[in-house]
There are 2 protein chains.
Amino acid sequence: MNDRRIIQPRTLKGFRDFLPDAMQSREWLIDTARAVFRSHGYVPIDTPALEYTEILLGKGGAETDKQLYRFEDNGGRDVALRFDLTVPLARFVAQHFGELGVPFKRYHVGPVWRGENTQRGRYREFLQCDFDTIGTESLAADTEAALVIHDIFAALDIGEFTIHLNNRLVLAGLLSELELAEHTADVLRSIDKLPKIGRDAVAGELRELVGASPAQADRLLAALTVTGTNEEVLARVAELAGGAADAGVAALTEVVAGLAAAGVAPSRARVDLSIARGLDYYTGTVFETFLAEIPEIGSVCSGGRYDDLASIYTKQRLPGVGASLGVDRLLAALEEIGKLDTSDAGPSILMTMFDGSRSADYVGVAASLRRGGLSVELYPEARKLGSQLKYADRKGHRLAVIIGGDEWSAGTAQVKDMVSGDSQTVELGTLEETCHRLLGTTPR
Amino acid sequence: MNDRRIIQPRTLKGFRDFLPDAMQSREWLIDTARAVFRSHGYVPIDTPALEYTEILLGKGGAETDKQLYRFEDNGGRDVALRFDLTVPLARFVAQHFGELGVPFKRYHVGPVWRGENTQRGRYREFLQCDFDTIGTESLAADTEAALVIHDIFAALDIGEFTIHLNNRLVLAGLLSELELAEHTADVLRSIDKLPKIGRDAVAGELRELVGASPAQADRLLAALTVTGTNEEVLARVAELAGGAADAGVAALTEVVAGLAAAGVAPSRARVDLSIARGLDYYTGTVFETFLAEIPEIGSVCSGGRYDDLASIYTKQRLPGVGASLGVDRLLAALEEIGKLDTSDAGPSILMTMFDGSRSADYVGVAASLRRGGLSVELYPEARKLGSQLKYADRKGHRLAVIIGGDEWSAGTAQVKDMVSGDSQTVELGTLEETCHRLLGTTPR
C-alpha cells in the first residue's frame, strides 16, 4: 500500500533492547547466580512492577520521588514503577509474614526503573539481582552472604576477585572513642573519598569539616588504613581503638573464621575498614566485591546487615543481611575485558537443508540427534550451502551437518567442524556418536 | 517510636506477589521451556517494559487503548507499558534488522500489563513466554514450532497433551468454494462456538448471520468436523472442498509428515479443522494445545503463521511463525490437578546448628558437602531441634544433618530422613557419601 504510514522503530532514551548475544550473557550470569542461591537454600520470589506510590515512597526523600515513574492509573490510583527490590521486599515480608516465617531467605531477579539522568551512562531500566536472609541476627547469616558472593564469582570463573568486609560497629566504636560520634555522617562521606583523594586530603577534610584535631584524624585514619592479614588488621585496630571497637572486631573475626572454615582463600575475603557503604541503612557487616582485572569499575556485588527491614509496614522487627549483584555493570565490564564467552550458550549443530521436498527427513534426523542430548538447529530452507554455513557461523554453531542427494542415497552425512573447517563423512547410524565426540559431550 | 505511622502493606488489584512455592514452579516451567527453545536454536532477547505509546498502539484499536497503562513521563513523552511481546518483537526486528538477519529465531519471556477487568479472573500483570521464527515461509519452520510445543510438554511430564493443527487456507478454500468468502469474519466467529453450542446451533447461526443455505452450512460443517486419522481427515476435506482447500491441505500434510518423522505420536498432533484462532493475524498454520486431564482450561500454548510481522515499522516483508506459552494459566491448572511438584526444586539438606560458638565448624561442613555437589542450607541459629526440623519440613528439605556436642567429640553426624523419620549416625568422613546415597544423587 502506498499510503501506509511507517512508524519509525525506536526505544525510549535510557531504555535498551537486549540482542541475543547480550541476552545470552545475562541468562548465563543469572542462571549461575540462581544455582548458587538455591544451593544455599535461598528461594525465589517476585513482586509487581507497579505498586501504590505510598508503598514505594515510604521513607524515601525528594530525590527518589523525582526519579520515580509515577502516574494515575485508569482507576484513579496513584501508582509507580518500583525503583529497587528492597522496598518491595520489605512490603512483601510485612504482608506475608505469617506464611513465610523466619529465617526467610529469598532471591529476587527483576527489572527496576529510575528516571535518572542518562548522561552519566546510567540506564532508566536495569536488572537487579538481590538475595537476603531476614529475621536473624546470627552472624552465620552474614558469613553465608559472603560465601554466596564467593561461590557466585568462583562459578562465573571470570578471574580473581576480592570481597572486602567491614562492620559498621568498628567505625562507630572508633568515632565514639575519638569523641567524633556526632559527626558520623560527615566522617563517612570523607572516608568514602580515601581511594580517590588519599589519606592526607581526607585528614585535611576531617580537620576542617568536623574540627578533628590532627591527632584525632591521624588515629582514625591509622586505624582505617591498617594493612596485613585479616588477623593482623583486626588485632591492630582493636589496639588502636582501645576496646571501643571490640563488638565490631569480634563480629568480623567470626565472619572471617567462618569463611576460612568454608575453604575461602584469604586473598578472596579481606577485612577493609575503609569501606562504608552509605550512611543510614547498614548497621553491622558490610560487603563490597572487586574484580582483580577491573577494580576501577567499582564494587560488582555489595550489601550488608541492617537492623530493621520493614519498620514502615509492620511493628515486627526484622533484622537481616543481604547483597545485590550488579548485573548490568558486571556484564558491561566483562564484555570490555573479553571475558564474555557465549560460545557454549547457543546450540551446537546446524543441520543444513538441501532439498525442501525432503524436509520431513531432515526434521527426523535433527530430532533423533536432539533425543541423544544434542542441541540441533534445522535450517528451514534449501538455500546455497555458503549462506547456510554463514548462518551457522553467525549463530556460533560448532558443527554443521550436511546431507545432500548423494548422502541420502548412501545413508551418510558430512560433518563439518565450523572452527577448523575439517569435514568427514560418516554413516547416518554413527552421526550422533560422531557429533558427541567432536563436541566433547556425553550421549544421553 | 510511638508516633511512627505504619503503612498498610498491600498490592494493587490485579497484581500479585509470587511466594516461593509459586515462584519455584514458574522457574521450573520457564527453565524447561528455555532448554527446549535453545535445543532448537532459538535465542533469547529482551525489550523495554516502557515504550512510546505510538509504537505500542500502531494498528491497535480502541480496546487495546483502554487497557493500556499509559502516561506522560518526566520528560513529557507519551509512554505506556507493553501489553504483549508481539508488538515489541515487530518493533525490535524492524529496528535491528541489519544486525539480526533472517531466519531470526527468538524466544522472549517477560511480564506484560493490561488494565483488564479483574472480575473475569484476569490479572493486570502477567508473564508471557513467546517464541517465533521470522523471515521464512518454509513449512519446516511451522513443523519446528509444533515440535517445540511437543518437546516442552513432553519435558514437563504433566500428563498427555494434544496439539491441534489447522491451516487458515483450508477454511479460506472452503469458504471460497461455498461462495461465502466475503463473510469470513462472521463465519469464523460462529465456528469458534462449535465446542460450546454444538453443530446444529452453529448451522442455525450461519443461516441467519450470513444467509448460508442449509446445504452450504451442512457442507462447511461436515468438512470442519471430519474425524479420523490425520491422513483420513486431510483426504476427506480435500474431497469435500472439491480442490479449493488443496493449498491448506498440502501444507498441513507436510507439517504432519514432519512431526511423524520427528517421532511425535499421532495422538499428540491432530489435524482439527475447527480451530480458528482469531480473525486477522494468522494466515497459515495455526496451533492450539490441550491437556488431556484438564481440556476445559482451554489452550495452554497457541500460535500460528503470519504473513507480515512488522509492516507498520518497516517496508521489509517479514513472514513468520510462532507460539505463546500460557505460563500463568498453565501453572494455575497444574496446581489444581496436583501436578506441581516442587519438592526437587529446593535444596536437599538442612544442616542444623546446636552450638553458636562452633558456627564456623558448621559452615565448614556445609561448604564441604556443597563442594561435593549437594545443596545444603545451614540453619543460622542454635535453636531447639524441633524448630529447626519444622523449618526443614517447611522448606521441603529431604535430609537434616544433626551435629551436637557428642557428635563433634566423636567426629560423627546424625542424618535424618525427613520423609521416613529414620536417623543414622555416620562418620563425618562418610557424610557426603551417605547424603548422596540417601538422595539418590551422584557425587561430583
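Read-outs: derived from the displayed coordinates by stated rules, not from any lab. What you see is a predicted model; the values in this text were computed from it and never measured. As a convention, Cβ positions derive from the backbone with ideal geometry for all residues, glycine included, and neighbour counts pool all protein chains shown.
Plainly put, the tip 7 Å out from Cα toward Cβ on A:Thr425 is 7.1 nm from that tip on each other copy, the closest given first. Between the alpha-carbon centres of the range B:59-132 and the range B:269-338 there is a gap of 17 Å.
Debye-formula intensities of the range A:246-289, expressed as log10 I(q)/I(0) at q = 0.24, 0.30 Å⁻¹, are -0.95, -1.22 (one equal scatterer per alpha-carbon, no solvent). Placing a label point 7 Å from Cα along the Cα-to-Cβ direction at B:Glu182 gives distances to the equivalent points in the other copies of 9.2 nm, listed shortest first. For A:Met418, the residues whose amide H sits under 5 Å from its own are A:Leu399, A:Ala400, ignoring neighbours fewer than 5 places away on the same chain, with H placed 1.01 Å from N. If you wrap the tightest convex hull around every Cα atom of the range A:1-124 and split its volume per residue, you get 204 Å³. Note on the range A:349-439: Cα convex hull, mean projected area over all directions, 5.1 nm². Database remark: amide H of B:Thr289 closer than 5 angstrom to the amide H of B:His164, B:Val300, B:Cys301 (H placed geometrically; neighbours at sequence offset of 5 or more, or on other chains; Pro and chain starts carry no H). Summary of the geometry: the range B:141-214 and the range A:233-264, compared by the centres of their Cα atoms, lie 72 Å apart.
Dividing the mean sequence gap of close Cα pairs (under 8 Å, 6+ apart) by how many residues chain B holds gives a relative contact order of 14 percent. Taking a straight Cα-Cα cut-off under 29 Å and skipping sequence neighbours fewer than 8 places away in the same chain, the lysines within cross-link reach of B:Lys390 are A:Lys105, A:Lys315, B:Lys339, B:Lys416. Across the identical copies, the label point of A:Gly411 (7 Å from Cα in the Cβ direction) is separated from its matches by 6.1 nm, in order from shortest. Dipole size of the range B:49-173 about its Cα centre, with +1 on Lys/Arg Cβ and -1 on Asp/Glu Cβ: approximately 340 debye, rounded to the nearest 20. Percent of Cα pairs in the range A:151-213 per distance bin of 10 Å, from zero to the largest separation: 19, 39, 21, 15, 6.
Calculate, for B:Arg371 and A:Glu336, the FRET efficiency according to 1/(1 + (r/R0)^6) with r their C-beta to C-beta distance and R0 35 Å; round to the nearest 0.05.
Computed FRET efficiency for B:Arg371 and A:Glu336 comes out at 0.65.
Note on the range A:279-335: Cα-only Rg and Dmax are 14.5, 45 Å.
Here the mean projected area of the convex hull built on the C-alpha positions of the range A:114-198 is 9.4 nm².
Kirkwood radius, the range A:160-271, all distinct C-alpha pairs, inverse of mean reciprocal distance: 14.5 Å.
Please give the calculated 222 nm ellipticity per residue for chain B, where each DSSP H segment of at least 4 residues contributes -39500 (n - 2.57) and the sum is spread over every residue; nearest 500 deg cm²/dmol? Estimated from H runs of four or more residues: -12500 deg cm²/dmol. Quick one: Cα centre-to-centre distance for the range A:1-41 and the range B:345-388, in angstrom? Computed from Cα coordinates, the inter-centre distance equals 37 Å. Approximating the spin labels as points 7 Å out from Cα along Cα→Cβ, the A:Asp186-to-B:Arg199 distance works out to 9.1 nm. Taking 7 Å steps out from each Cα toward its Cβ at B:Leu385 and B:Glu231 produces label points 6.7 nm apart.
Can you give the % of DSSP beta bridges in the range B:160-292 that are antiparallel, to the nearest 5? Display every interim value, and only then the final one.
Details: 7 of 10 bridges.
Just about 70 percent of them are antiparallel.
What sits nearest the axis between copies A and B, counting only chain A Cβ atoms, is the residue and whole-Å distance A:Phe71, 2. Under the combined filter of DSSP loop state and at most 14 neighbouring Cβ atoms within 10 Å, the range A:290-343 retains these trypsin sites (Lys or Arg not before Pro): A:Lys315, A:Arg317.
So if we plug the beta-carbon distance of A:Asp307 and B:Glu54 into 1/(1 + (r/R0)^6) with R0 = 45 Å, what FRET efficiency do we get, rounded to 0.05?
Taking R0 as 45 Å, the efficiency between A:Asp307 and B:Glu54 is 0.40.
Using only side-chain charges placed at the Cβ, +1 for Lys and Arg and -1 for Asp and Glu, the dipole size of the range B:146-258 relative to its Cα centre rounds to 260 debye. Take the Cα radius of gyration of the range B:36-190 and divide it by 2.2 N^0.38 Å, N being the number of residues; the result is 1.26. Each semi-axis of the equivalent ellipsoid for the range A:183-333 is √(5λ) with λ an eigenvalue of the Cα gyration tensor; in descending order they amount to 25, 20, 19 Å.
Note on chain B: the alpha carbon radius of gyration divided by the globular reference 2.2 N^0.38 Å gives 1.25. Taking every DSSP bridge with both residues inside chain B, close to 80 percent are antiparallel. Taking 0.36 nm per residue of separation and subtracting the current Cα-Cα distance, fully stretching the chain between B:Glu208 and B:Trp408 would add 63.5 nm.
In the calculated pair-distance distribution of the protein assembly as shown, the portion above 48 angstrom amounts to 31 percent of the Cα-Cα pairs. A crude spin-label estimate for the pair B:Glu296 and A:Arg394, with each label 7 Å from Cα along the Cβ direction, gives 4.9 nm.
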